[in-house]
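Encoded as structure tokens, the structure appears first; notes follow it.
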Amino acid sequence: MMQPGTAFDPNEVRACILAGGQSSRMGRDKADVLLGGRSLLKIAQDTVSELGIRNPVIAEDVVPKCGPLGGIITALEQTKAERIVFLPCDMPFIGAELIRDVISVARNTIHGACAWHDKLACFPMCFNRAAESDIRAHYDSQQFSLQKLVKRLELTAVRSTVPEKELFNINTEEDLRLARTLLPT
């Protein structure tokens with residue numbers, strides 16, 4: 001695993017923050033939601049910045065209405081980096097160490113790696129360029145499920161040893177209220 005503070009070569013790895021969802025359960029744009037005085041988008045950007053990785057924000061997908069898969073395809077079109085690590089703006093507790101670990105594991109795989117929790121693949125996810133044609137085929141077959149994509153690509157699971165709250169996802173106002181209780185005081 002890489003040492004804390006180690007920067008990544010921008011030709012090798014980029015980060016992509018997914019912020020283009022419809023936020024239908026939240027009822028407002030989640031990227032702009034404030035938590036601890038910062039927007040969810042800013043929290044994600046700050047976390048990625050700790051790693052020295054350039055991080056475009058995907059706010060409009062080239063293939064709309066297919067969930068996170070649209071952002072993944074958009075990022076593949078917008079960068080030529082060998083690896084792209086994805087995290088959504090609505091998971092504010094993901095730490096730089098977990099992202100670093102997922103990227104490090106992805107380096108030693110064909111298609112990539114992702115965090116894994118309770119038998120489910122979850123963000124952060126890192127896709128290697130070698131996965132691009134399979135990702136497109138997944139989309140072309142009208143398969144939008146990330147879980148099915150992870151199985152198709154046989155992404156390597158990174159079992160998190162970090163606190164479970166790092167994988168906490170804010171989808172509703174109730175989730176936001178809970179997230180506020182999880183903030184350090």
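The values are calculated or read from the model by the stated rules, or taken from the named source; none is laboratory data. Values in this document were obtained by computation on a predicted structure and should not be read as measured data. Cβ: placed from backbone, ideal geometry, glycine included. Neighbour counts: every protein chain shown. What goes into the accessible areas is simple: the full protein's heavy atoms, side chains included, and nothing from ligands, DNA or RNA. Shrake-Rupley method; radii C 1.70, N 1.55, O 1.52, S 1.80 Å.
The amide H of VAL62, built 1.01 Å from its N in the peptide plane, has THR74 as neighbours under 5 Å, considering only residues 5 or more places off or on other chains.
Between ARG136 and LYS80, the contour length at 0.36 nm per residue exceeds the Cα-Cα span by 18.6 nm. With the alpha-carbon atoms of the stretch 127-168 aligned to their principal axes, the span from lowest to highest coordinate is 36, 20, 13 Å, starting with the largest.
Among the listed pairs LYS119/LYS148; LYS80/LYS165; LYS30/LYS165; LYS119/LYS165, a Cα-Cα separation exceeding 21 Å is found for LYS80/LYS165. Of VAL57, VAL33, the order by accessible heavy-atom surface (1.4 Å probe, DNA, RNA and ligands excluded), from most exposed downward, is VAL57, VAL33. Report the charge-dipole magnitude of the stretch 50-109 in Debye, nearest 20, computed about the Cα centre from +1 at each Lys and Arg Cβ and -1 at each Asp and Glu Cβ. Dipole of the stretch 50-109, to the nearest 20 debye: 180 debye. Projected onto its three principal axes, the C-alpha set of the stretch 37-112 covers 34, 31, 18 Å, listed from the longest axis down. In sequence order, the stretch 63-68 has phi-based couplings of 10, x, 6, 9, x, x Hz under the Karplus curve 6.51 cos²θ - 1.76 cosθ + 1.60, θ = phi - 60°, and Gly or Pro positions carry x. When +1 charges are put on Lys and Arg Cβ atoms and -1 charges on Asp and Glu Cβ atoms, the dipole computed for the stretch 97-172 relative to its Cα centre reaches about 120 debye.
Each Lys and Arg contributes +1 and each Asp and Glu -1, all at the Cβ; summed about the Cα centre of the chain, the dipole is approximately 140 debye. Gain on full extension, evaluated as 0.36 nm per residue between SER49 and ASP32 minus their Cα-Cα distance, stands at 4.3 nm. Taking amide H atoms as placed 1.01 Å from N in the peptide plane, the amide H of VAL13 lies under 5 Å from those of GLU82, ARG83, each 5 or more residues away in sequence or on another chain.
Scalar couplings 3J(HN,Hα) for the stretch 51-60, obtained by applying the Karplus form with A = 6.51, B = -1.76, C = 1.60 to θ = phi - 60°, are 8, x, 9, 5, 9, x, 9, 9, 9, 9 Hz; x denotes Gly and Pro. In the assembled protein chains, PHE168 presents an accessible area of approximately 40 Å² (probe radius 1.4 Å).
By accessible area, using a 1.4 Å probe on protein heavy atoms only, the chain has 50% of its surface on carbon and sulfur. Shape index of the chain: Rg/Rh, with Rg the Cα radius of gyration and Rh the Kirkwood radius from the inverse mean 1/r over Cα pairs, equals 0.93.
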